[in-house]
Amino acid sequence: IGLVFAPVTLGFGRERGLLAVIVCLLLLLAWHLFHLRQLMGWLEGPLNNPLPRGRGFWEIIFAELHRRVRIRIGQQQSLTETLQRISEAVQALPEGIIAFNQYHNIEWMNERAERYFAISAETDCGQALTNLIRHPEFVAYLERGQYEEPLIYRDGRVAGLSLQLQIVPYGAEQKLLVARD
């Protein structure tokens, strides 16, 4: 700014020097606003949209954002793959597994649990476990909160099937219902 002010002031006077500084500052502001608008446009879209191109230190900022986005996308892909492997492993277990929260609402179940209790992950997730497994002994076992000993469950929705049920607390107020034939 001093490089503009001094020569213009010497050549055309102080008022024109100040005017030149104001014009330069307005152009600089417009340049920053242009890049900020590009950044805001990118932020409103999906994470994998290409980053805008910048000039000067904006190029450095966009390059750093690009690096961080690549890292984040890699982490998300890794987490997705890990979750997929865990889901496949739980599906392969010989036990039926139902995950539920402190309100006894079903959050997840494997296919074997669907078969053991004649329920569906697609329609029954979010439902209260006691609405789907209404056996009085099971409801009492669930409410009692003492899960050291398993419960033998007969006369369920699947005729002729006897199951050993055990509830396993985990995490913050989460539980698993583990059913074995």
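Name the pairs whose Cβ atoms lie under 8 Å apart, with the first residue in the range 54-70 and outside any loop (DSSP other than H, G, I, E, B), the second open to solvent by 60 Å² or more (accessible area, probe 1.4 Å), and 6 or more positions between them or separate chains?
Glu59/Arg53; Phe62/Arg53; Val69/Leu47; Val69/Asn48
Looking at the range 90-105 only, could you name the residues that are open to solvent by less than 60 Å² (accessible area, probe 1.4 Å) and out of contact with any Asp or Glu (no Cβ under 7 Å at 6 or more places or on another chain)?
Val90, Glu95, Gly96, Ile97, Ile98, His104, Asn105
Per-residue answers, yes or no, for (1) under 17 Å from Val90 (Cα atoms); (2) crowded, with 19+ Cβ neighbours inside 10 Å; (3) polar (S, T, N, Q); (4) within 34 Å of the chain's Cα centre (by Cα):
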residue: Glu114; (1), (2), (3), (4): yes, no, no, yes
residue: Thr123; (1), (2), (3), (4): no, no, yes, yes
residue: Arg134; (1), (2), (3), (4): no, no, no, yes
residue: Ala172; (1), (2), (3), (4): no, no, no, yes
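Select from the range 130-181 the residues that are among the polar types (S, T, N, Q) and either in a loop (DSSP other than H, G, I, E, B) or without any contact (Cβ under 8 Å) to a residue 24 or more places away in the chain (or both) and list them in ascending order.
Selection gives Asn131, Gln146, Ser162, Gln164, Gln166.
Those residues that are more than 22 Å from the chain's Cα centre (by Cα), open to solvent by 60 Å² or more (accessible area, probe 1.4 Å) and modelled with pLDDT under 90, I need them from the range 33-56; list them, please.
Arg53, Arg55
The values are calculated or read from the model by the stated rules, or taken from the named source; none is laboratory data. What you are looking at is a predicted structure, and each value in this text was computed from that prediction instead of being measured. Positions of Cβ are generated from backbone atoms using ideal geometry, with glycine treated the same way; all protein chains shown enter the neighbour counts. Only protein heavy atoms, including side chains, enter the accessible area calculation; ligands, DNA and RNA are left aside. Shrake-Rupley method; radii C 1.70, N 1.55, O 1.52, S 1.80 Å.
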